Amino acid sequence: MTVPLKHSDPITVNVALGDRTYDIIIGRDVLPSLGARISALRPGVRTAIVTDRTVAKHWLKATEASLAEAGIATSHIVVEEGEGSKSYAGLEKVSEALIAAKIERNDLVVALGGGVVGDLAGFAAAILRRGVDFVQVPTSLLAQVDSSVGGKTGINSPKGKNLLGAFHQPVLVVADTAVLDTLSPRQFRSGYAEVAKYGVLGDAAFFAWLEANHAEIVRGGSAREHAIATSCRAKAAIVARDERENGERALLNLGHTFGHALEAATGFSDRLFHGEGVSVGMVLAAQLSAQLGMIGDADATRVQHHLAEAGLPTRLQDIAGFTQEGLADADALMGLMAQDKKVKRGKLTFILLEAVGQAVIAGDVEPALVHDFLARKLAANKM
Ligand code: GLY
């Protein structure tokens, strides 16, 4: 697999969904082109930008300037940073502000931020006046390779993550890879887990390329655009075939059944970022696959080794405070997984591996087997 040495022109990845088809524009310094792109797509449109405090500090001015330059009227709504904004209260705040800003059916909501802002603003757009269009301007690696693409929007219920939401596709995604330079190393690594996920679940060659090139992605050379574009192409292809997750889209949940439970067990706090939970979850899924004889132990170790090398947590004991505060026990983790959307008629759905680069949906995993597996992991990690 060859990679251009210099930053190239922006890369366009198309998400082919009939009359809801849209482009993802990926490149260094593409944010200034946002206004021109929106105006070409929707001449005469008005916009409201939804963002959070930290992103506003870095990128709101540049975003507003780009819209102003294209003659697009805009206002902005700033929410608190963090998962807490993906709540009934956060939705109320954004929806009321959009109504106050007189955003109408033909106007556009611009989601400028990471996964929280994208999910929240997208859901507010989905229900405002029974649906207005929105544009995703993802500012975290995680959002650029996963949450801004594919139209999943929503908020959390106190009873679980993403339990309320809608499929609402954006009309455009503009992913400026230079914006990622302001992320903390930990946030960047967290997003990297989702990049690695695409290799593990469906592209052995990409996984091997990541093993050799992951440091370059962090440094911000052209490898970064290549990794993001490859991830988006993989997701776009799956979403185009299965928009509503009736089948293969579930493969994108690799690492998420365990990961969501671990996030819930740590109170969706800074103890475990989403991508970190996915990293630990992906390793657990690989180890469970090995236990079931679907892959060899060496394959599971290979996945773990790469994620650890990229600086991600890969074991339960890597989770902050695990030794002091512990984690939920196996019963509690099972309860948290049962709350997740990945449960059907009492059986757990797991994404397991038949090879590194080939995931499968296992829709009937016996809860008792998973309980024993988790109990052993929790006990082993405490020693
Ligand atoms: N993040 C998984 C999906 O979009 O389906």
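Bear in mind these aren't lab numbers, they're just calculated from the coordinates by the rules spelled out. Note that the structure is a prediction, hence the values are computed from the model and not measured. No Cβ is skipped: glycine too gets one built from the backbone with ideal geometry, and neighbour counts run over all protein chains shown.
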Near LYS86, which aspartates and glutamates are there with a Cα under 12 Å away, not counting those fewer than 8 places off in the same chain? ASP52, ASP119
Among ARG244, ARG37, ARG224, what is the fewest-to-most ranking by other Cβ atoms within 10 Å? ARG244, ARG37, ARG224
Among PHE206, PHE273, PHE322, which one shows the biggest mean-square fluctuation in a GNM of the chain, springs joining Cα atoms closer than 10 Å? PHE322
Hydrodynamic radius by Kirkwood for the range 177-243, inverse mean 1/r across distinct Cα pairs, in Å, is 12.3 Å
Ellipsoid semi-axes in whole angstrom, largest first, where each is sqrt(5λ) of the Cα gyration tensor of the range 53-101: 23, 15, 5
What Rg and what Dmax come out for the range 70-206 when only alpha-carbon atoms are used, in angstroms? 15.2, 50
For the range 257-263, Karplus couplings with θ = phi - 60° (6.51, -1.76, 1.60), whole Hz, Gly/Pro x: 5, 5, x, 4, 5, 5, 4
In percent, how large is the relative contact order of the range 1-102, given Cα pairs closer than 8 Å and 6 or more residues apart? 22 percent
Hey, what's the per residue convex hull volume over the C-alpha atoms of the range 1-144, in cubic angstrom? 125 Å³
List every residue whose amide H lies under 5 Å from the amide H of VAL30, counting only residues 5 or more places away in sequence or on a different chain, with H placed 1.01 Å from N in the peptide plane. THR177, ALA178
The range 199-339, relative contact order [Cα under 8 Å, separation at least 6], %: 20 percent
Using the Cα atoms as the points, what is the convex hull volume per residue of the range 244-383 in Å³? 109 Å³
To make sure I understand, if each residue's beta carbon is the centre and we count other beta carbons within 10 Å, what order do LYS347, LYS159, LYS93 fall in, fewest to most? LYS159, LYS347, LYS93
How many percent of the alpha carbon pairs in the range 74-123 exceed a separation of 17 Å? 27 percent
Using just the Cα positions, wrap the range 265-335 in a convex hull and report its mean projected area in square nanometres, one decimal place. 5.1 nm²
Amide hydrogen neighbours beyond the local backbone of ILE77, cut-off 5 Å, H modeled: ILE49, VAL50, THR51
Please order LYS197, LYS152, LYS57 by the number of other Cβ within 10 Å, starting at the fewest. LYS57, LYS152, LYS197
Spelling out what I want: for every residue of the range 275-285, take phi, set θ = phi - 60°, compute 6.51 cos²θ - 1.76 cosθ + 1.60 (Karplus), and round to whole Hz; glycine and proline get x. x, 5, x, 5, 4, 4, x, 5, 5, 4, 5
Of the range 76-92, those with amide N under 16 Å from the point 7 Å along the Cα→Cβ vector of ALA320 are 81-84
How large is Rg over Rh for the range 159-288, taking Rg from the Cα atoms and Rh as the Kirkwood inverse mean of 1/r across Cα pairs? 0.95
Sticking with the crude label model, points 7 Å out along Cα→Cβ, report the distance from ASP331 to ALA355 in nm, one decimal please. 4.3 nm
Given springs between every Cα pair under 10 Å in a Gaussian network model of the chain, which of VAL79, VAL149, VAL370 has the largest fluctuation? VAL370
In debye to the nearest 20, how big a dipole does the range 34-187 give about its Cα centre with +1 on each Lys and Arg Cβ and -1 on each Asp and Glu Cβ? 300 debye
Over the Cα atoms, compute the radius of gyration (one decimal) and Dmax (the largest Cα-Cα distance, rounded to a whole number) for the range 118-183, in Å. 12.3, 37
Once the mean of 1/r over all distinct C-alpha pairs in the chain is inverted, the Kirkwood radius in Å reads 21.0 Å
Grab the Cα-Cα distance for LYS57 and ILE127, subtract it from 0.36 nm times how many residues apart they are, and report the gain in nm with one decimal. 22.4 nm
Quick one: plug the Kirkwood hydrodynamic radius of the range 4-72 (C-alpha pairs) into Stokes-Einstein at 37 °C, 0.692 mPa s, and report D in µm²/s. 240 µm²/s
Over the chain, what is the mean sequence separation of C-alpha contacts under 8 Å (at least six apart), divided by residue count, expressed as relative contact order in percent? 15 percent
Taking only the alpha-carbon atoms of the range 218-270, what semi-axes of the equivalent ellipsoid follow from 5 times the gyration tensor eigenvalues under a square root, in whole Å, largest first? 25, 21, 7
